[in-house]
1. Under the definition of Cα pairs under 8 Å and six or more residues apart, what whole-number percent is the relative contact order of segment 132-212?
2. Among DSSP beta bridges whose residues both lie in the chain, state the antiparallel percentage, nearest 5.
3. Could you grab the relative contact order for segment 336-407? Cα pairs under 8 Å, six or more apart, rounded to a whole percent.
4. With the dipole of segment 310-407 worked out from charges on the C-beta (+1 for Lys and Arg, -1 for Asp and Glu) around the Cα centre, which of Phe337, Thr355, Val375 lies farthest toward the positive end?
5. With +1 assigned to the C-beta of every Lys and Arg and -1 to the C-beta of every Asp and Glu, and no other charges, what is the dipole magnitude of segment 199-317 about the Cα centre in debye, to the nearest 20?
6. Charges only on Cβ, +1 for Lys and Arg, -1 for Asp and Glu: so what's the dipole of segment 349-407 about the Cα centre, in debye to the nearest 20?
7. How large is the accessible surface per residue of segment 124-252, computed with a 1.4 Å probe and reported in Å² as a whole number?
8. So which trypsin sites (Lys or Arg not before Pro) in segment 320-407 pass both tests, a DSSP loop state and at most 15 other Cβ atoms within 10 Å of the Cβ?
Amino acid sequence: MDTPAPDQQRVLTAGASELITEADLGRKLERGTPLRVKLGIDPTVSDIHLGFAVVLRKLRQFQEFGHTAILILGDFTAQLGDPTGRSVTRPPLSKAEVEEHARTYVEQVRQILLPEPLEVRRNSEWLATMAIDDVLRLSARTTVARLLERDDFATRYREGRPISVSEFLYPLLQGWDSVMVRSDVELGGTDQLFNNLMGRALQEQEGQEGQVVLTLPLLEGLDGVQKMSKSLGNYVGITEPPAEQFGKLMSLPDPLMPRYFALATDWPPARVEEVTRALTAGELKPVEAKRLLARSIVDLYHGDGAGEAAETEFNRVFQTHEAPSDLPEFVLDPSNFEPGPIRLAAVLHAAGLATSNRDGKRQISGGGVRRDGAVVDDADLAVPAHQLDGNVLQVGRRRWVRIRVAS
């Protein structure tokens, strides 16, 4: 806490999309006491990706200045489902699914956040014990008109698509988290602005000082269009193997590189500006910039030197067309198939390289399947089991498996 408040504020607000309000944050920092900085995450999937890591790295910056990170695991609200940005009601998750995801979230979050000062809370602590009269009192804190100011709600209402009452309750429940932990600042993506402002309003109604709301840009996924999402398959997970991370990042559309340098690395703004300028001026070729980006991100999550090793593996696989050194193996049990030669499409399905036998045939017909390096051009190809033993199957550019036939 020895850093002057203005210097802290300049670092902590760098890259922010919205800050409500700058004056409030300045006053809180001037007090010289650690702030309680809240980030709420609903554990709805098993992996944290680079897009979500953007806000986690901002939370770490607050920790580095001595402020306390308050990580709220939305184990209660995850079962309800955040309606933010959704055109249809989210299917509910079971308690067991949420609990498993919460466990992996904590493990992954600790790769980014400092161990102290940190509080990890679950919002079931206070939300699961609310009685119906508590819920009714909370729901009276806002109006339907106010909730319909949200773009996603307004659009669905205008188009006649359903909005459940539980979805209307979601911003109130998330906002109540801020009241319960008495947060000074809440972080989130730009899509969380409405929910975070609800927390600020509820705090003020409860006689607390309203939290500062600081939102950060959403990172587009590898498709260059949609925000990064595991459900869309356009993501890079922070726990994925180095070679997988490197290979995915090399497929990134060129125009997105400046945003990834700014949001997905831990580089200071000056270095981001330097590399972006060199890229724009043509002094740095896009492919070399992409390699630099991939190495930096792999090093960030797997340690110094991991990026260079992943690049060497990438060159071996994609330039000399050799199989990966850590090739996974699949044990094929012929008794699971009809007697006689086994269709290669069915082998792809069994090995997890295709979602179904039909998908396996489609992959072969599209020229995307290789057997021991040779393109397979017969979608109905059937091979005796013993001839498959030791075969290396490849689908696309990054999926490989070696077949071992069970005796």
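1. On the way: 66 pairs, mean separation 20.9, N = 81.
Across segment 132-212, relative contact order equals 26 percent.
2. On the way: 16 of 38 bridges.
Bridges in the chain are about 40 percent antiparallel.
3. Working: 111 pairs, mean separation 20.6, N = 72.
Contact order relative to length: 29 percent.
4. Comparing the listed Cα positions along the dipole, Thr355 ranks first.
5. Numbers: 12 positive and 18 negative charges, 70 e Å.
So the magnitude is around 340 debye.
6. Values: 10 positive and 6 negative charges, 66 e Å.
Charge dipole of segment 349-407: 320 debye, to the nearest 20.
7. Details: 5510 Å² over 129 residues.
Solvent-accessible surface per residue comes out at 43 Å².
8. Values: sites: Arg343, Arg358, Lys361, Arg362, Arg370, Arg371, Arg397, Arg398, Arg399, Arg402, Arg404; in loops: Arg397, Arg398.
Answer by residue number: Arg397.
The values are calculated or read from the model by the stated rules, or taken from the named source; none is laboratory data. Note that this is a predicted model, so its numbers are computed, not measured. When we count neighbours, we look across all protein chains shown, and the Cβ atoms used for this are built from the backbone with ideal geometry, even at glycine. When the accessible area is computed, the model is the full protein with side chains, heavy atoms only, and any ligands, DNA or RNA have been set aside. Shrake-Rupley method; radii C 1.70, N 1.55, O 1.52, S 1.80 Å.
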